[in-house]
Amino acid sequence: MTKHPYYDLPIPNEGSLHRMELERDSCGVGFVAHVEGRKSHQILEYALCGVCNVVHRGAIDADMKTGGGAGVTTQIPYELLGPIVKNEFGKDLEHERDLAVGVFFLPQDELARLKIQSVAEGSIEKRGINFIGWRRVPVNEKELGEKARRTMPHIVQLLMERPKGMDDGPYERALYLARRELEIKARKLGLAEFYIPSMSQYTISYKALVVATALEKFYLDLQDPTYTTALAVFHQRFSTNTFPTWALSHPFRMLAHNGEINTVRGNRNWMASRASDFENEWWVGDEHLLKGLCTPGQSDSASLDSALELLVLSGRDLTHAMSMLVPSAYGIDPFTTDEEKAYYEFHSCFSEPWDGPAALIATDGRKVVASLDRNGLRPSRFKLTEDGILALGSEVGLIHIDDVKVIKKGRLKPGEMLCVDTSKKTVSYNAEIKKGLAAAQPYAEWLKANRVHLSTPATQKRNSLPRSTAPHPAKSLTSPPPPASRRPAGKACRSAATARDCR
């Protein structure tokens with residue numbers, strides 16, 4: 001019997017044709033956001049309604065209660081957790097953004113659990129992050145099926161406080177590095193299996209091995225009217241052809257996904273082969289923590305999520321990172337401009353496409369981005385209301401919105417993207433996003449000055465070609481391009497340029 005790293009029961013796999021590494025999923029996915037960033041419990045209720053309306057896209061076990069997995073990712077509900085931090089842990093926070101939350105799926109064995117918690121506290125202390133306490137997440141186990149209850153982890157939240165004087169970017173990266181160090185150290189120490197669904201100052205994940213209709217009933221926090229958020233990503237997992245586990249339920253730390261990544265084996269190999277070349281001023285001394293991000297025990301979605309997370313935390317805008325990993329069919333699309341083609345060709349030098357068919361939704365807690373891969377075989381339909389609510393889902397009618405209020409509706413086409421930025425209070429559509437990304441740097445000039453085609457005569461020496469300031473391709477996965485010397489004035493920051501470009 002084979003033991004899956006994220007599942008406590010043995011899998012009868014020997015002697016069969018079943019291959020865990022070849023599993024795929026096809027799910028129900030969507031998001032709801034208030035364009036102007038107004039937090040409310042209504043946004044969460046919309047998301048919970050949406051995930052319940054895609055319950056038919058999920059699998060269900062013979063016990064009629066254990067599902068393939070369902071979940072929501074939202075902004076951290078400070079109105080809910082702030083009083084808990086103050087009243088139960090005696091901590092007064094200066095600002096709600098000082099609070100960070102790590103969600104942990106720990107073993108039920110108390111001794112094993114305490115060992116992991118001790119290492120976790122040491123990992124955040126090493127990064128200067130202040131420990132507040134461990135909170136047991138209130139749940140209703142009666143909503144679980146038999147198999148889900150037998151494999152249920154001990155679900156807790158690690159509450160943390162921002163170090164004095166640390167900005168948002170360094171704070172989020174410190175949380176990421178603390179999590180990576182904990183995961184690596186735990187493996188070396190032979191600690192029991194555990195999983196961290198989220199660990200951030202922006203987002204929090206509530207997911208479980210349940211059918212979507214039981215999600216809100218299982219997590220009592222989701223029923224609390226003080227739970228407010230300006231955005232919510234929801235997901236119901238389809239597992240009739242994919243082994244269901246608590247950890248592999250969606251959403252992941254940034255990503256929720258409908259479909260499959262059919263190139264995942266190659267994508268994982270390329271990520272691993274480049275790990276030794278990762279270079280960025282922000283990761284100096286910690287490069288070893290960026291290795292082994294995509295492991296065979298993950299699902300295809302989990303591996304893509306790991307790659308996306310690395311790119312975003314290395315300084316790229318969420319739309320930039322997503323377009324690198326899941327590019328459009330720029331080679332054959334007649335509407336692709338020369339600037340956009342140069343943008344995609346430049347990034348193809350160091351990032352291969354993660355090809356589906358796939359519909360993808362990702363959030364960093366401020367933006368939420370929806371994208372279709374270039375195959376375009378997974379639907380994504382959206383509605384925007386006059387009061388600033390944008391809802392997108394894998395089918396029509398997921399969320400009950402009065403059509404009288406709808407001012408725009410549509411769908412994503414192959415390779416297209418949509419972005420809601422709650423901090424800038426804007427909605428950006430595909431043409432605007434791609435134009436902004438392509439204009440952010442002189443990609444065409446970099447290609448002309450640095451790219452050598454295999455058809456170039458061998459007599460033409462490499463050092464005779466003109467040179468530019470383009471970053472080294474092998475190191476560019478974690479290093480966004482430097483600011484362009486001839487960037488169109490004022491254009492980059494109004495569009496979807498990289499985080500580093502906009503400073």
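Hey, can you tell me all the residues within region 418-450 that are of a type in the set (S, T, N, Q), surrounded by fewer than 16 Cβ atoms within 10 Å (Cβ to Cβ) and closer than 19 Å to residue 407 by Cα? Across region 418-450, the qualifying residue is only 426.
Being under 19 Å from residue 51 (Cα atoms), more than 19 Å from the chain's Cα centre (by Cα) and open to solvent by less than 30 Å² (accessible area, probe 1.4 Å) is the requirement here; does residue 398 meet it? Reasoning before the result, please.
Numbers: under 19 Å from residue 51 (Cα atoms): yes; more than 19 Å from the chain's Cα centre (by Cα): yes; open to solvent by less than 30 Å² (accessible area, probe 1.4 Å): yes.
Criteria met by residue 398.
Looking only at residues of region 364-381 that are closer than 21 Å to residue 42 by Cβ and at pLDDT 95 or above, we find that the one that is most open to solvent (accessible area, probe 1.4 Å) is 366.
With respect to residue 244, determine if the residue is crowded, with 23+ Cβ neighbours inside 10 Å, in a loop (DSSP other than H, G, I, E, B) and over 16 Å from the mean Cα position of the chain (by Cα). Yes. Scoring residue 304 on the criteria (1) surrounded by fewer than 22 Cβ atoms within 10 Å (Cβ to Cβ); (2) without any contact (Cβ under 8 Å) to a residue 60 or more places away in the chain leaves a single failure, condition (1). Under the condition of being part of a helix (DSSP H, G or I) and either closer than 15 Å to residue 148 by Cβ or among the aromatic types (Phe, Trp, Tyr) (or both), the residues counted in region 56-87 number 1. Across region 166-182, not a single residue is classified as of a type in the set (A, V, I, L, M), crowded, with 22+ Cβ neighbours inside 10 Å and under 25 Å from residue 238 (Cβ atoms). When you check residue 36 against the structure, is it at pLDDT 95 or above, surrounded by fewer than 21 Cβ atoms within 10 Å (Cβ to Cβ) and part of a helix (DSSP H, G or I), yes or no? So residue 36 does not fit the description; no. I'm checking my understanding of the structure. Among residues of region 120-152 that are among the β-branched types (Val, Ile, Thr) and buried (at least 17 other Cβ atoms within 10 Å of the Cβ), which one is modelled with the lowest pLDDT? Among residues in region 120-152 that are among the β-branched types (Val, Ile, Thr) and buried (at least 17 other Cβ atoms within 10 Å of the Cβ), the one modelled with the lowest pLDDT is 151.
Residues that are open to solvent by less than 60 Å² (accessible area, probe 1.4 Å) and modelled with pLDDT under 90: does region 402-413 have at least one? Reasoning before the result, please.
Within region 402-413, the first condition is being open to solvent by less than 60 Å² (accessible area, probe 1.4 Å), and the residues that meet it are 406, 410, 412.
After this cut, where a residue has to be modelled with pLDDT under 90 as well, the list is none.
Within region 402-413, not a single residue is open to solvent by less than 60 Å² (accessible area, probe 1.4 Å) and modelled with pLDDT under 90.
Pairs meeting the criteria (first residue in region 200-215 and under 7 Å from residue 71 (Cα atoms), second residue open to solvent by less than 10 Å² (accessible area, probe 1.4 Å) and assigned to a loop (DSSP other than H, G, I, E, B), beta carbons under 6 Å, at least 6 apart or on different chains) are 207/249. Considering the conditions (1) more than 22 Å from residue 427 (Cα to Cα); (2) buried (at least 20 other Cβ atoms within 10 Å of the Cβ); (3) touching a helix residue (DSSP H, G or I) at 6+ places or on another chain (Cβ under 6 Å); (4) not aliphatic (A, V, I, L, M), residue 340 is excluded by exactly one of them, (1). Among the residues of region 30-73, the one identified as within 22 Å of the chain's Cα centre (by Cα) and without any contact (Cβ under 8 Å) to a residue 60 or more places away in the chain is 45. If the condition is being of a type in the set (A, V, I, L, M, F, W, C), open to solvent by less than 10 Å² (accessible area, probe 1.4 Å) and not in a strand (DSSP E or B), then region 186-212 contributes 186, 209, 210, 212.
Of the residues making up region 213-234, those that are farther than 16 Å from residue 149 by Cα and either touching a Lys or Arg at 6+ places or on another chain (Cβ under 8 Å) or part of a helix (DSSP H, G or I) (or both) number 9.
The values are calculated or read from the model by the stated rules, or taken from the named source; none is laboratory data. None of the values given here were measured: they were computed from a predicted structure. Glycine also receives a Cβ, built like all others from the backbone with ideal geometry; neighbour counts cover every protein chain displayed. Side chains included, ligands, DNA and RNA excluded: accessible areas come from the protein's heavy atoms. Shrake-Rupley method; radii C 1.70, N 1.55, O 1.52, S 1.80 Å.
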